[in-house]
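The next block holds one structure in the form of structure tokens; read it before the comments.
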Amino acid sequence: MGTSRRGFVGGASALALLSGSTAAFAQKKYSDGATDTEIKVGHTGPYSGPASSYGAIGKCIEAYWKSVNAAGGINGRKVNFITLDDGYNPAKIVELVRQLVEQDKVLCTFNTLGTPTNTAIHKYMNQKKVPMLYVATGASKWGKPKEFPWTMGYQPDYHTEGAIYAKHILANVKDPKIAVLMQNDDYGKDYFGGFKEGLGKDADKIVKNVTFEVTDPTVDSQIIQLKDSGANVFFNISTPKAAAQAIRKAADLNWKPAQYLNNVSASVGSVMKPAGLDNSQGIITAQYLKDPTDKQWENTDDFKAWVAWMDKWMPGANKADANYIYGFSVATLMHETLKKCGNELTRENVMKQAANFQKFKLPLLLPGITINTSPTDYYPIQSVQLARFKGESWDLFGDVMSAEGS
Amino acid sequence: MPAFPKKLLWVLLALAFLVPLLHPLFPDVVSDYRLFLVSTMIIAAIAVLGLNLLTGFNGQISLGHGAFYAVGAYTAAVLMDHLNMPYWATLPCAAVVCFIVGYLFGLPALRLEGHYLALATFALALAVPQILKYKWLEGLTGGVQGIVLSKPEVPFGLPLSEDQWLYYYCLIVMVVLYWAAANMLDSRSGRAMMAIRDQYMAADTMGIDTALYKTVTFGISAAYTGIAGALSASAIAFVAPDSFNIFLSIKFLIGLVVGGVGSLAGSVVGGIFYVLVDNSAQALSMFVKNDLGLQFDLSAYTVFGILLIVLMYLMPMGIVGGVYLAVRRLRALRG
């Protein structure tokens, strides 16, 4: 049987069609979780349980993706944001993240919250080669591209911040005798480790180091011990409640050291005001985000845009809660990362783009602080600026300092 | 409550062993994730079984079995981490440690009855996560950071995935423990345990050493729950104090009451129930909000609560008790 002419033409055109479609296929590349119309992003956060105040971050991020989808999505694709409640429970998050990766087949997870929880899924995500981006914890272990190429942090790590205070003390306080109050957990230890490293050979300047449990009702006895050590510098590594108590107690005891307060508690609304504004004057901290209760930002463009966004997408939410600033900024970074991926929405490319930010200006970061990453640098924000509490707000001073420089 | 029909038990068991083999036929239905979920159900079932021995068959209330679960998990984790012990060898160790802890706790508990015992065990559950973080134990327990472990490896080169092996491992442990519990309850000691529950004074008068039976039951119950904890350490491959909050103990109690107090099969049903409902409550609340378009912001716990209330109204004797009742009524209708 000879080949009919029509058959030949048909075959040739089919071939052309096929090759045409493979060409189109080459432009668009997808892993699990991405299609022509949708990008699936997974998230877990503590909507219930002991850390549920951080649930605000997840709600803010959810609202953010809604606003992105309402504006047409990312490169024409809607973001399908699946957020689940892990209750800050490491056993629970393992189950949930397996559901996200294996059942829901998300492209990546984003901003999973908590050090113990993220530790529980760290190995799994890297075995499965699923991007675990911008995790919400300041431990220093999230930026290790060699061992864990699929995990990246977001905020400046505690270790770096601790080192920056140490440098400032050595440069500015004459004959320092340092007292340290430290929350007894991995977060406190990370800060203290960085602080000691920053002091280097002057580590013996620490004359007293006392710890407290996050569940302790007060830190009064610890502050009395610190005062009695005769120290003239006080480094306060504590979460908001204890931080406010410590500042107030130090003032009550008439102990007036140079005070350094970790960024975790640098909130005007939840620490400085309860501690007493008079007692808080002159305290030094390091910042990277704009404090929503700090009046000096009210007229900056990005802050105004954030307020307008909050009014529209999170009506009724408490705008003094810094978690909304955090959530908005980190979601913007994720948005930018996915945008940069273009039509190549593979897990490899998501990591490649996440590790390829140069001096990217993210809204709500302090002026002068930018996002910088590379295949060997998995710490997006590594700069902070010191600020001194004056009147009712933080007064930024000095240059933006980064870990590489110090 | 009558014993579970034996024939049905064998059929269920055979099914449970066959299910993972269906993976090549239905890769999406019998996925590794689902098997992992079933493994966590089995682990929960073992923990509830332990609590049932104490509460259902001996009449002592415990609001603190999460503590024994934690002790079991940490015993396993510390042995694997510090002594490189193989994962299967940690189970008997966890059982022994938890038996001793449970027995010792049972001694003072002898003086506490009913509600007072419930409060004492509640305190235990609150204390254990704090103790695990304690400075002097930190070298052992890893403090708040916990201990990262490896998942059980498939032995003898069997052609199974990690999750399939974990499933079989948990299933075998549960079958052995279930069998042991059923035999124990069927013996002289079991009848003594139940006699103490039903008529304490009569049991005492008849010459049953009530103090001994109560403390030993406490120990055995703790050992069962501890084994479940040790299994969970292997399954999750991570232990941290935050995994063992007070709600864990409450969940065991929910599983116990929902499944059926004083029924071995009920423990298994209860364990399955709470993992299932805990997972689907959130999906359900999202479904109501997103897909049905209702403007309620039902939290997952609200859904969980509503389900529990409905269930308790419909089946006040637990799921297994309710099913028995339904079967009996059906038979009466026919006859």
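Couple of notes before you dig in:
- Relative contact order [Cα under 8 Å, 6+ residues apart], chain B, whole percent: 30
- Binning the C-alpha pair distances of the stretch B:162-265 at 10 Å intervals from 0 yields a P(r) profile of 12, 35, 34, 15, 4, 0 %, listed from the shortest bin outward.
- When the alpha-carbon atoms of the stretch B:100-211 are used, the pair Rg, Dmax equals 20.6, 58 angstrom.
- 3J(HN,Hα) couplings calculated from phi for the stretch A:94-100 with the Karplus curve 6.51 cos²θ - 1.76 cosθ + 1.60 (θ = phi - 60°) are, in sequence order, 4, 4, 5, 5, 5, 4, 4 Hz; Gly and Pro show x.
- Of the residues B:Ala70, B:Ala123, B:Met41, the one whose Cα sits farthest towards the positive end of the charge dipole of the stretch B:32-245 is B:Ala123 (charges of +1 on Lys and Arg Cβ, -1 on Asp and Glu Cβ, taken about the Cα centre).
- Counting only Cβ charges, +1 for Lys and Arg and -1 for Asp and Glu, the dipole size of the protein assembly as shown around its Cα centre is about 1220 debye.
- The count of lysine pairs in the stretch A:72-184 with alpha-carbon distances below 15 Å, taking only pairs 8 or more places apart or on different chains, stands at 8.
- Database remark: amide H of A:Val400 closer than 5 angstrom to no amide H (H placed geometrically; neighbours at sequence offset of 5 or more, or on other chains; Pro and chain starts carry no H).
- Per-selection Rg to Rh, the stretch A:134-233 - Cα, Kirkwood hydrodynamic radius: 1.04
- Residues A:Ile206, A:Ile121, A:Ile82, A:Ile164 arranged by fewest to most Cβ contacts within 10 Å: A:Ile82, A:Ile206, A:Ile164, A:Ile121
- As a ratio to 2.2 N^0.38 Å, the alpha-carbon radius of gyration computed for chain B takes the value 1.02.
- Computed FRET value (nearest 0.05) for B:Leu9 with A:Phe397, which takes r as the C-beta separation and R₀ as 60 Å: 0.20
- Between 0 and 90 degrees, the angle of helix A:158-172 with respect to the longest Cα principal axis of chain A falls at about 40 degrees.
- Computed from Cα positions, the angle between helix A:301-313 and the longest principal axis of chain A comes to roughly 70 degrees.
- Kirkwood hydrodynamic radius over Cα pairs of the stretch A:344-406, then Stokes diffusion coefficient at 20 °C and 1.002 mPa s, in µm²/s: 159
- Phi angles across the stretch B:176-182 convert, under the Karplus curve 6.51 cos²θ - 1.76 cosθ + 1.60 with θ = phi - 60°, into 3J(HN,Hα) values of 4, 5, 5, 4, 4, 5, 4 Hz, Gly and Pro given as x.
- Prolate/oblate/rounded call for the stretch B:176-335, Cα gyration tensor, a/c under 1.5 rounded: oblate
- B:Leu83-A:Thr35 FRET efficiency (beta carbon distance; Förster radius 41 Å; 0.05 resolution): 0.25
- Simple point charges give the picture: +1 on the Cβ of Lys and Arg, -1 on the Cβ of Asp and Glu, and for the stretch B:65-183 a dipole about the Cα centre of about 300 debye.
- Nearest-ten-degree value, helix A:322-341 long axis tilted from longest Cα axis of chain A: 30
- The rule of thumb for compact globular proteins, 2.2 N^0.38 Å, goes into the C-alpha radius of gyration of chain A 1.14 times.
- Taking Lys and Arg as +1 and Asp and Glu as -1, the other residues whose beta-carbon sits under 11 Å from that of A:Ala275 total +2.
- Inverse mean reciprocal Cα-Cα distance (Kirkwood Rh) of the stretch B:19-175, Å: 17.6
- Backbone N within the stretch B:220-256 under 20 Å of label point (7 Å from A:Val214 Cα along the Cβ vector): B:238-249
- Dipole-positive endmost among A:Ile39, B:Ala223, B:Trp88 within the protein assembly as shown (Cβ charges, Cα centre): A:Ile39
- Total formal charge among the other residues, if their Cβ is under 9 angstrom from that of B:Leu37, Lys/Arg +1 and Asp/Glu -1: +1
- The simple Förster model, with R0 at 51 Å and r as the Cβ-Cβ distance, assigns B:Leu18 and A:Arg388 a FRET efficiency of 0.15.
- Distance between the modelled labels on B:Leu137 and B:Glu162, one decimal in nanometres: 2.7 nm (7 Å Cα→Cβ projection).
- Remark: spin-label model distance A:Lys174-A:Lys304 equals 4.7 nm, labels positioned 7 Å along the Cα→Cβ axis.
- Around A:Leu366: net Lys/Arg minus Asp/Glu count, Cβ-Cβ under 12 Å: -2
- Here the protein assembly as shown was treated as a single set of alpha-carbon atoms; its pair distances binned every 10 Å from 0 give 3, 13, 21, 22, 18, 13, 7, 3, 1, 0, 0 percent.
- In the protein assembly as shown, a dipole from Cβ-located charges (positive for Lys and Arg, negative for Asp and Glu) runs towards its positive end, and of A:Ile121, B:Trp136, B:Tyr169 it is B:Tyr169 whose Cα lies farthest in that direction.
- Counting only lysines at least 8 places from A:Lys295 when in the same chain, those with an alpha carbon closer than 23 Å to its own are A:Lys241, A:Lys273, A:Lys304, A:Lys312, A:Lys319, A:Lys361, A:Lys390.
- HN-Hα J in Hz across the stretch A:44-61 - Karplus 6.51, -1.76, 1.60, θ = phi - 60°, x for Gly and Pro: 10, x, x, 7, 9, x, x, 9, 5, 5, 6, x, 4, 4, x, 5, 5, 5
- For the stretch A:345-388, trypsin sites (Lys or Arg not before Pro) meeting the loop criterion (DSSP other than H, G, I, E, B) and having at most 14 other Cβ atoms within 10 Å: A:Lys359, A:Lys361.
- Cut-off 13 Å (backbone N to label point 7 Å along Cα→Cβ of A:Ala320), residues of the stretch A:239-276: A:267-276
- With 0.36 nm allotted per residue and the present C-alpha distance subtracted, the B:Lys289-B:Tyr200 stretch has 26.9 nm of extension available.
- Remark: the Cα gyration tensor places the stretch A:171-293 in the rounded category, a/c being less than 1.5.
- Using a simple spin-label model with pseudo-atoms 7 Å out from Cα toward Cβ, B:Leu333 and B:Leu126 lie 4.9 nm apart.
- Theoretical ellipticity at 222 nm over the protein assembly as shown - DSSP helices of four or more residues, -39500 (n - 2.57) apiece, nearest 500: -17500 deg cm²/dmol
Computed from the coordinates by the stated procedures, all read-outs in this text should not be read as laboratory data. Being a predicted model, the structure only gives us computed values, none of them experimental. Please note: Cβ atoms are built from the backbone with ideal geometry, for glycine as well, and neighbour counts cover all protein chains shown.
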